[in-house]
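**Student:** Shown below is the structure under consideration.
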Amino acid sequence: MTDLGALFAARAALVVPAAIGPAAAAEVRARLERRGYTRYALVDRGSYDVVAEPDEPALCAALAALAADRLRPTPTAAPPPLAVIDARAVRLGPGDFVLAHHDRVHDDHQLELVLDLSAAPVAGAEVHYRRGGQLYHRVAAAPGALSIVERDGGVTCHHTYVSRRQADAVVRLVLRLRA
Amino acid sequence: MLRLGAAWDDEPALAAAWRAARPFPHLVIDGALAEAAVAELLAVVDEEPVWPYEADLFAFEATAPAPTTAELRALVAAWSAALTPRLGRITGAAIGRADLRAYAYRPGHYLLPHTDHQAGLDRVLAFAYYLPSPEPPRGGELELYRCEVAADELVVTEPAAMIAPAPNRLVVFAVGAASLHQVREVEDGLRLSLAGWFYP
């Protein structure tokens, strides 16, 4: 296994806008609906709907390829091979959240991708990454955008509370990748 | 000395209510303070600066963890002196002192579910006292959960009780591994409160 820290000079934390178009995102949302969400409601940790195993191999492969391309150390370098470890889809409606202590801590180097599949921007619905308690990567609600974050044992993540004043849900596909 | 309301007069009834409360021991005392005391308290809180606080669990404005004015320090002492003996008798808890901060929840503010229970902090009772608001809030209820614990983890959490932030209402509850509660999002208006804990 190649260590991502050896592949990339700096720890990656970036957002690729328009990684998926509105029509394709709508198709994915429809497939997720058909596959069926499960409610997670141990509210000391989180409150959300989840598809634990979305059947989206082509999309996951395309996102992994996009991440690999964006993380090339130089424009002429070959993209690093990245394999999908797992994927899940989460849907947060008004009043939902995922707390940091519900997050898995990754003590090996991994990439986490978060694809915003929402139909419309949900104001204030963000994904926050912290290192040593300090917020260093804020993923704002932006339908179609892809966040790419390199994770190690010092990084925690949470999905911010979605206000009850919002009408829409935010839908995110979350992938873990390993080199 | 903080003047309490007549609601405290029947301590046996309050003790019975405490024991009967579900999902965990708690009390809701309306008219907790005498009207004159409410006005004095508001004047003290009004002089204390508040700051925004935000994390994954909460978003609100609050005074600093320790009072910055002599008046608020005096209020904390008076609060502790007035309530500690009574709540000790009513709840049977061995308590000796209290602390508190003032909180302002504006639209969009919340405090997500948590228990207040942390090893080493010795929190015995938690409380929230709701102040009169110039803009009474919509939302901002205190919601209590029924929980089941296994291997030191919550394995079931269900909403069980909802307490509105009515002016001059005091809510007290036992702090433990299963005392899960939240402040629901304020959707409109302003929710003003004092909150803190009683310690041994």
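**Student:** What's the total accessible area buried between chains A and B, using a 1.4 Å probe, rounded to the nearest 100 Å²?
**Tutor:** Numbers: alone 8600 and 9570 Å², together 16760 Å².
Chains A and B together bury roughly 1400 Å² of accessible area.
**Student:** Suppose we compare each residue of the range A:116-163 in its chain alone and in the full protein complex with a 1.4 Å probe; which ones drop by at least 50 Å² of accessible area?
**Tutor:** Hits at the 50 Å² cut-off: A:Tyr161.
**Student:** With springs only between Cα atoms under 10 Å apart, run a GNM on chain B and tell me which of B:Glu40, B:Glu141, B:Glu185 wobbles the most.
**Tutor:** B:Glu40
**Student:** Let me check against my output: what whole-number percent is the relative contact order of the range A:88-178, with C-alpha pairs under 8 Å and at least 6 apart? Display every interim value, and only then the final one.
**Tutor:** Numbers: 222 pairs, mean separation 45.9, N = 91.
After rounding, I find 50 percent.
**Student:** Just need the relative contact order of the range B:41-200 here, percent rounded to a whole number, with Cα pairs under 8 Å and 6+ apart. Walk me through the intermediate numbers first.
**Tutor:** Details: 363 pairs, mean separation 48.8, N = 160.
After rounding, I find 31 percent.
**Student:** Could you work out which residue, out of B:Thr91, B:Thr115, B:Thr68, moves most in a Gaussian network model of chain B, that is, has the largest mean-square fluctuation with Cα springs under 10 Å?
**Tutor:** B:Thr68
**Student:** With all protein chains present, how much of the accessible area of the range A:4-178 (probe radius 1.4 Å) comes from carbon and sulfur, to the nearest whole percent?
**Tutor:** Details: 4090 of 7550 Å².
That fraction is 54 percent.
**Student:** Continuing with the same structure: Which whole-number value in Å² is the accessible area per residue of the protein assembly as shown, probe 1.4 Å? Could the numbers behind the result be given before it?
**Tutor:** Working: 16760 Å² over 379 residues.
Normalised by residue count, the accessible surface of the protein assembly as shown is 44 Å².
**Student:** Taking springs between alpha-carbon atoms closer than 10 angstrom, which of A:Ala30, A:Ala120, A:Ala142 fluctuates most in the Gaussian network model of chain A?
**Tutor:** In this elastic network of chain A, the residue with the biggest mean-square fluctuation among A:Ala30, A:Ala120, A:Ala142 is A:Ala30.
**Student:** Another question, then. Per residue of chain B, what 222 nm ellipticity follows from adding -39500 (n - 2.57) for every DSSP H run with n ≥ 4, rounded to the nearest 500? Can you show the working numbers first?
**Tutor:** Working: 3 runs with 44 residues, N = 200.
Mean residue ellipticity at 222 nm (helix-derived): -7000 deg cm²/dmol.
**Student:** Grab the other residues whose beta carbon is less than 14 angstrom from that of B:Gly92, score K and R as +1, D and E as -1, and report the net.
**Tutor:** Details: positive: B:Arg19, B:Arg86, B:Arg89; negative: B:Glu11.
Overall, the nearby charge balance is +2.
The values are calculated or read from the model by the stated rules, or taken from the named source; none is laboratory data. Since the model is a prediction, treat every value here as computed from it, not as a measurement. Neighbour counts are summed over all protein chains in view; Cβ atoms, including those assigned to glycine, are modelled from backbone coordinates with ideal geometry. Note: areas computed on protein heavy atoms with side chains; ligands, DNA, RNA excluded. Shrake-Rupley method; radii C 1.70, N 1.55, O 1.52, S 1.80 Å.
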